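Input: a single structure, listed below in C-alpha coordinates.
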Amino acid sequence: MKKILTCLLATLGLTTACGQQNFENVDVEGFSELIGNPGVVLLDVRSASEYAEGHIAGAMLIDQGQSDFIEKAKAALPADKKIAVYCRSGRRSANAAGRLAAEGYQCVNLKGGIIAWKEAGKAVTTDTKEQAPLKKVYNEDINPLEQIDQALAKAKTEGKFVVCQVGGNWCIWCLRFADFIANDAAIGKVISDNFEYIHVNYNPKKSGGEEKAKQAAALMQRLENCGRFGFPVFVVLDGEGRVIHIQDSSFLEEGQGYNQEKVLRFFRSWTPEAVGR
(Lines give C-alpha, C1' and ligand atoms only; values in the text may rest on other atoms or scores of the structure.)
Protein backbone atom coordinates (compact mmCIF):
# COMPACT_ATOMS: atom_id res chain seq x y z
CA MET A 1 0.00 0.00 0.00
CA LYS A 2 2.81 2.42 0.90
CA LYS A 3 4.51 1.77 -2.44
CA ILE A 4 1.24 2.36 -4.29
CA LEU A 5 0.73 5.66 -2.42
CA THR A 6 4.29 6.76 -3.25
CA CYS A 7 3.74 6.08 -6.95
CA LEU A 8 0.44 7.99 -6.85
CA LEU A 9 2.13 11.00 -5.25
CA ALA A 10 4.92 10.87 -7.80
CA THR A 11 2.33 10.91 -10.58
CA LEU A 12 0.82 14.03 -9.04
CA GLY A 13 4.25 15.67 -8.94
CA LEU A 14 4.50 15.79 -5.14
CA THR A 15 7.41 13.38 -4.76
CA THR A 16 10.15 11.82 -6.84
CA ALA A 17 9.83 8.23 -7.99
CA CYS A 18 11.80 7.04 -4.96
CA GLY A 19 9.40 8.71 -2.54
CA GLN A 20 11.52 11.76 -1.77
CA GLN A 21 9.93 15.20 -2.02
CA ASN A 22 11.67 17.04 -4.84
CA PHE A 23 11.13 20.60 -3.61
CA GLU A 24 11.49 22.52 -0.36
CA ASN A 25 8.68 23.76 1.90
CA VAL A 26 9.36 26.93 3.89
CA ASP A 27 7.34 29.03 6.32
CA VAL A 28 6.28 32.63 5.79
CA GLU A 29 9.41 34.21 7.24
CA GLY A 30 11.71 31.97 5.23
CA PHE A 31 9.71 32.66 2.08
CA SER A 32 9.73 36.41 2.70
CA GLU A 33 13.51 36.39 3.10
CA LEU A 34 13.94 34.22 0.00
CA ILE A 35 11.96 36.41 -2.38
CA GLY A 36 13.98 39.44 -1.34
CA ASN A 37 16.82 37.93 -3.37
CA PRO A 38 16.86 39.44 -6.90
CA GLY A 39 17.90 36.05 -8.27
CA VAL A 40 14.65 34.37 -7.19
CA VAL A 41 11.54 34.23 -9.38
CA LEU A 42 8.25 34.56 -7.51
CA LEU A 43 5.44 32.50 -9.03
CA ASP A 44 1.73 32.58 -8.21
CA VAL A 45 0.00 29.44 -9.54
CA ARG A 46 -3.60 30.37 -8.71
CA SER A 47 -6.26 31.53 -11.16
CA ALA A 48 -6.28 35.00 -12.73
CA SER A 49 -9.30 36.04 -10.63
CA GLU A 50 -7.58 35.01 -7.38
CA TYR A 51 -4.43 36.84 -8.43
CA ALA A 52 -6.41 40.03 -9.14
CA GLU A 53 -8.00 39.91 -5.69
CA GLY A 54 -4.58 40.12 -4.05
CA HIS A 55 -1.11 38.65 -4.53
CA ILE A 56 2.45 39.05 -3.31
CA ALA A 57 4.13 42.01 -5.03
CA GLY A 58 6.36 41.03 -7.93
CA ALA A 59 4.71 37.65 -8.51
CA MET A 60 4.37 36.25 -12.01
CA LEU A 61 1.11 34.39 -12.67
CA ILE A 62 0.90 31.00 -14.37
CA ASP A 63 -2.25 29.03 -13.48
CA GLN A 64 -1.24 25.48 -12.54
CA GLY A 65 -4.78 24.33 -13.27
CA GLN A 66 -4.44 25.03 -16.97
CA SER A 67 -3.50 22.19 -19.32
CA ASP A 68 -0.58 24.17 -20.75
CA PHE A 69 0.92 25.07 -17.36
CA ILE A 70 4.25 23.33 -17.93
CA GLU A 71 4.53 24.67 -21.48
CA LYS A 72 3.98 28.25 -20.27
CA ALA A 73 6.31 27.78 -17.31
CA LYS A 74 9.15 26.48 -19.47
CA ALA A 75 8.74 29.42 -21.84
CA ALA A 76 8.76 32.02 -19.06
CA LEU A 77 10.87 30.71 -16.17
CA PRO A 78 14.69 30.78 -16.25
CA ALA A 79 16.07 27.30 -15.66
CA ASP A 80 19.04 28.55 -13.66
CA LYS A 81 17.03 30.41 -11.03
CA LYS A 82 15.21 29.25 -7.91
CA ILE A 83 11.41 29.42 -8.25
CA ALA A 84 9.44 30.50 -5.16
CA VAL A 85 5.91 29.13 -5.60
CA TYR A 86 2.70 29.86 -3.72
CA CYS A 87 -1.08 29.50 -4.00
CA ARG A 88 -4.00 30.00 -1.61
CA SER A 89 -3.22 27.31 0.97
CA GLY A 90 -0.04 25.64 -0.24
CA ARG A 91 -1.62 22.53 -1.79
CA ARG A 92 -1.79 23.60 -5.44
CA SER A 93 1.63 25.23 -5.22
CA ALA A 94 3.07 21.99 -3.81
CA ASN A 95 1.68 20.18 -6.83
CA ALA A 96 3.09 22.84 -9.15
CA ALA A 97 6.47 22.80 -7.41
CA GLY A 98 6.68 19.04 -7.82
CA ARG A 99 5.82 19.23 -11.51
CA LEU A 100 8.34 22.00 -12.11
CA ALA A 101 11.01 20.15 -10.16
CA ALA A 102 10.42 17.15 -12.43
CA GLU A 103 11.35 19.47 -15.32
CA GLY A 104 14.63 20.39 -13.64
CA TYR A 105 13.63 23.54 -11.75
CA GLN A 106 14.75 24.21 -8.17
CA CYS A 107 11.56 25.08 -6.32
CA VAL A 108 10.51 26.33 -2.91
CA ASN A 109 6.88 26.16 -1.77
CA LEU A 110 5.20 28.52 0.71
CA LYS A 111 3.64 26.45 3.49
CA GLY A 112 0.11 27.62 4.15
CA GLY A 113 0.03 29.71 1.00
CA ILE A 114 -1.13 33.30 0.83
CA ILE A 115 -3.53 32.60 3.70
CA ALA A 116 -0.57 32.11 6.04
CA TRP A 117 1.19 35.06 4.40
CA LYS A 118 -1.66 37.45 5.22
CA GLU A 119 -2.19 35.98 8.70
CA ALA A 120 1.45 36.84 9.41
CA GLY A 121 0.71 40.47 8.52
CA LYS A 122 2.57 40.43 5.20
CA ALA A 123 1.44 42.80 2.46
CA VAL A 124 -0.36 41.90 -0.74
CA THR A 125 -1.16 44.02 -3.78
CA THR A 126 -3.87 44.14 -6.44
CA ASP A 127 -1.52 45.57 -9.06
CA THR A 128 -1.61 43.13 -11.99
CA LYS A 129 1.32 44.48 -14.03
CA GLU A 130 3.37 41.32 -13.25
CA GLN A 131 0.55 38.97 -14.28
CA ALA A 132 1.85 38.04 -17.72
CA PRO A 133 5.13 36.08 -18.01
CA LEU A 134 7.94 38.33 -19.19
CA LYS A 135 9.11 37.99 -22.77
CA LYS A 136 12.51 36.40 -23.32
CA VAL A 137 14.60 38.91 -25.29
CA TYR A 138 18.06 37.35 -25.43
CA ASN A 139 19.07 35.32 -28.50
CA GLU A 140 21.13 32.48 -27.06
CA ASP A 141 22.12 31.07 -30.45
CA ILE A 142 24.17 33.93 -31.90
CA ASN A 143 27.78 34.91 -31.28
CA PRO A 144 27.63 37.95 -28.95
CA LEU A 145 30.85 39.43 -30.34
CA GLU A 146 29.48 39.33 -33.89
CA GLN A 147 26.24 40.84 -32.60
CA ILE A 148 28.18 43.77 -31.13
CA ASP A 149 30.19 44.28 -34.33
CA GLN A 150 27.01 44.40 -36.41
CA ALA A 151 25.41 46.90 -34.04
CA LEU A 152 28.52 49.10 -34.17
CA ALA A 153 28.52 49.12 -37.96
CA LYS A 154 24.89 50.22 -38.04
CA ALA A 155 25.31 52.79 -35.26
CA LYS A 156 28.32 54.38 -36.96
CA THR A 157 26.37 55.08 -40.14
CA GLU A 158 23.64 56.80 -38.09
CA GLY A 159 25.88 58.77 -35.73
CA LYS A 160 24.73 56.81 -32.69
CA PHE A 161 26.31 54.94 -29.81
CA VAL A 162 25.67 51.30 -28.92
CA VAL A 163 24.18 50.20 -25.60
CA CYS A 164 24.70 46.55 -24.72
CA GLN A 165 22.24 45.26 -22.14
CA VAL A 166 24.27 42.28 -20.97
CA GLY A 167 22.46 39.47 -19.20
CA GLY A 168 20.28 36.58 -20.21
CA ASN A 169 16.86 34.98 -20.20
CA TRP A 170 17.89 33.32 -16.92
CA CYS A 171 17.93 36.76 -15.26
CA ILE A 172 14.47 37.99 -14.16
CA TRP A 173 15.78 41.54 -13.60
CA CYS A 174 17.11 41.58 -17.17
CA LEU A 175 13.67 40.68 -18.51
CA ARG A 176 12.00 43.20 -16.22
CA PHE A 177 14.20 45.98 -17.58
CA ALA A 178 13.49 44.96 -21.17
CA ASP A 179 9.76 45.03 -20.44
CA PHE A 180 10.08 48.33 -18.56
CA ILE A 181 11.70 50.25 -21.42
CA ALA A 182 9.49 48.61 -24.04
CA ASN A 183 6.45 50.08 -22.30
CA ASP A 184 7.82 53.57 -21.61
CA ALA A 185 7.50 55.95 -24.57
CA ALA A 186 9.84 58.61 -23.17
CA ILE A 187 12.66 56.14 -22.58
CA GLY A 188 11.99 54.47 -25.91
CA LYS A 189 12.39 57.75 -27.78
CA VAL A 190 15.70 58.61 -26.10
CA ILE A 191 17.01 55.18 -27.00
CA SER A 192 15.82 55.19 -30.62
CA ASP A 193 17.17 58.72 -31.22
CA ASN A 194 20.62 58.07 -29.80
CA PHE A 195 21.50 54.41 -29.55
CA GLU A 196 21.61 51.05 -31.25
CA TYR A 197 20.27 49.01 -28.34
CA ILE A 198 21.03 45.29 -28.16
CA HIS A 199 20.44 42.49 -25.69
CA VAL A 200 23.75 40.64 -25.40
CA ASN A 201 23.47 37.14 -24.01
CA TYR A 202 25.90 36.06 -21.32
CA ASN A 203 25.66 32.77 -19.48
CA PRO A 204 28.00 32.43 -16.50
CA LYS A 205 27.36 28.68 -16.42
CA LYS A 206 29.46 26.31 -18.54
CA SER A 207 26.54 24.06 -19.48
CA GLY A 208 26.50 25.41 -23.04
CA GLY A 209 29.72 23.66 -23.99
CA GLU A 210 33.29 24.70 -24.64
CA GLU A 211 32.51 27.05 -27.54
CA LYS A 212 29.89 28.99 -25.57
CA ALA A 213 32.27 29.21 -22.61
CA LYS A 214 34.95 30.69 -24.86
CA GLN A 215 32.47 33.23 -26.24
CA ALA A 216 31.41 34.22 -22.71
CA ALA A 217 35.02 34.74 -21.65
CA ALA A 218 35.80 36.76 -24.79
CA LEU A 219 32.69 38.87 -24.22
CA MET A 220 33.75 39.80 -20.70
CA GLN A 221 37.21 40.72 -21.98
CA ARG A 222 35.71 42.81 -24.80
CA LEU A 223 33.40 44.67 -22.41
CA GLU A 224 35.98 45.23 -19.67
CA ASN A 225 34.65 42.59 -17.29
CA CYS A 226 31.29 44.32 -16.97
CA GLY A 227 29.86 41.32 -15.16
CA ARG A 228 31.53 42.44 -11.96
CA PHE A 229 28.54 44.76 -11.46
CA GLY A 230 25.96 41.98 -11.67
CA PHE A 231 23.16 41.67 -14.23
CA PRO A 232 21.71 43.28 -16.13
CA VAL A 233 24.64 45.56 -16.77
CA PHE A 234 24.71 48.25 -19.45
CA VAL A 235 27.82 48.95 -21.51
CA VAL A 236 27.92 52.08 -23.68
CA LEU A 237 30.19 51.94 -26.73
CA ASP A 238 31.10 54.96 -28.83
CA GLY A 239 31.20 54.98 -32.61
CA GLU A 240 34.65 53.39 -32.63
CA GLY A 241 33.59 50.57 -30.34
CA ARG A 242 35.34 51.87 -27.25
CA VAL A 243 33.77 51.29 -23.85
CA ILE A 244 32.95 54.74 -22.49
CA HIS A 245 30.67 53.77 -19.60
CA ILE A 246 29.49 50.74 -17.64
CA GLN A 247 26.22 51.22 -15.76
CA ASP A 248 25.40 49.18 -12.65
CA SER A 249 21.66 48.49 -12.94
CA SER A 250 21.12 48.35 -9.17
CA PHE A 251 21.28 52.16 -9.12
CA LEU A 252 18.28 52.26 -11.46
CA GLU A 253 16.02 49.98 -9.43
CA GLU A 254 12.92 50.85 -7.45
CA GLY A 255 11.09 48.17 -5.51
CA GLN A 256 10.61 45.17 -7.78
CA GLY A 257 11.17 47.28 -10.90
CA TYR A 258 12.95 50.35 -12.19
CA ASN A 259 12.69 54.10 -11.72
CA GLN A 260 11.90 56.09 -14.87
CA GLU A 261 13.72 59.23 -13.77
CA LYS A 262 16.92 57.33 -12.97
CA VAL A 263 16.80 55.37 -16.22
CA LEU A 264 16.25 58.51 -18.29
CA ARG A 265 19.11 60.27 -16.50
CA PHE A 266 21.43 57.37 -17.36
CA PHE A 267 20.56 57.31 -21.06
CA ARG A 268 20.54 61.10 -21.47
CA SER A 269 23.95 61.39 -19.79
CA TRP A 270 25.55 59.10 -22.38
CA THR A 271 24.12 60.23 -25.70
CA PRO A 272 26.60 61.25 -28.42
CA GLU A 273 25.59 64.89 -27.87
CA ALA A 274 26.02 64.73 -24.09
CA VAL A 275 29.45 63.13 -24.42
CA GLY A 276 30.44 65.56 -27.16
CA ARG A 277 31.24 63.03 -29.89
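In terms of modelled amide H atoms, which long-range or inter-chain residues lie less than 5 Å from the amide H of TYR202?
Under 5 Å from the amide H of TYR202 lie the amide H atoms of GLY167, GLY168, each far enough along the sequence or on another chain.
With the contact rule set at Cα under 8 Å and sequence spacing of 6 or more, what percent relative contact order holds for region 196-259?
On the way: 48 pairs, mean separation 11.9, N = 64.
In percent, rounded to a whole number, it is 19.
Work from the charge dipole of the chain (Cβ charges, +1 for Lys and Arg, -1 for Asp and Glu, about the Cα centre) and give the residue of TYR197, ILE114, GLN221 farthest towards its positive end.
Of the listed residues, the answer is ILE114.
Quick check for you: which residues of region 83-108 have the amide N under 20 Å from the point 7 Å beyond the Cα of ALA52 toward its beta carbon?
87-88
State whether region 168-277 is rounded, prolate or oblate according to the following rule on the C-alpha gyration tensor (a ≥ b ≥ c being the square roots of its eigenvalues): a/c under 1.5 gives rounded; otherwise a/b larger than b/c gives prolate, and the remaining case gives oblate. All intermediate terms of the calculation are to be shown ahead of the outcome.
Values: a/c = 2.11, a/b = 1.33, b/c = 1.59.
Because a/c hits 1.5 or more and a/b fails to exceed b/c, region 168-277 counts as oblate.
As a test, work out the antiparallel percent of DSSP beta bridges whose residues both lie in the chain, rounded to the nearest 5. It would help to have the intermediate numbers written out before the result.
Working: 13 of 34 bridges.
So the antiparallel bridges in the chain amount to around 40 percent.
How high is the relative contact order of the chain, in percent, with contacts defined as C-alpha pairs under 8 Å that are six or more residues apart?
Values: 480 pairs, mean separation 45.0, N = 277.
16 percent.
Where does each of 164-172, 137-145 land if you order them by average Cβ count within 10 Å, highest first? Walk me through the numbers on the way to the answer.
Working: 164-172: 24.3, 137-145: 15.8.
Highest-to-lowest ranking by the protection proxy: 164-172, 137-145.
Pairs of lysine in region 113-172 with Cα under 28 Å and at least 8 positions apart or on different chains: total?
6
Taking all protein chains as present, what is the carbon and sulfur share of the accessible area of region 71-187, in % to the nearest whole number, probe 1.4 Å? Working shown, then result.
On the way: 2440 of 5430 Å².
For region 71-187, the apolar C and S fraction of the accessible surface comes to 45 percent.
With +1 on the Cβ of every Lys and Arg and -1 on the Cβ of every Asp and Glu, and nothing else charged, how large is the dipole of the chain about its Cα centre, in debye rounded to the nearest 20?
Value, rounded to 20: 580 debye.
GNM, the chain, Cα, under 10 Å: largest mean-square fluctuation among VAL124, VAL108, VAL163?
VAL124
With the contact rule set at Cα under 8 Å and sequence spacing of 6 or more, what percent relative contact order holds for region 149-243? Before the final figure, lay out each step's value.
Numbers: 120 pairs, mean separation 41.9, N = 95.
Reported relative contact order: 44 percent.
Run down the aspartates and glutamates and flag those whose C-alpha is under 14 Å from the C-alpha of LYS74, throwing out any fewer than 8 positions away in its chain.
ASP63, GLU103
Convert each backbone phi in region 21-27 into a coupling constant with the Karplus relation 6.51 cos²θ - 1.76 cosθ + 1.60 (shift: θ = phi - 60°), then list the ³J(HN,Hα) values in order as whole Hz, x for Gly and Pro.
4, 9, 8, 9, 9, 10, 7
The values are calculated or read from the model by the stated rules, or taken from the named source; none is laboratory data. Here the structure is a predicted model, which is why all the values come from computation and not from measurement. Counting neighbours? That spans all protein chains shown, and the Cβs are built from the backbone with ideal geometry, glycine included. For the accessible areas, the whole protein counts, side chains as well, though only heavy atoms, and no ligand, DNA or RNA atoms are used. Shrake-Rupley method; radii C 1.70, N 1.55, O 1.52, S 1.80 Å.
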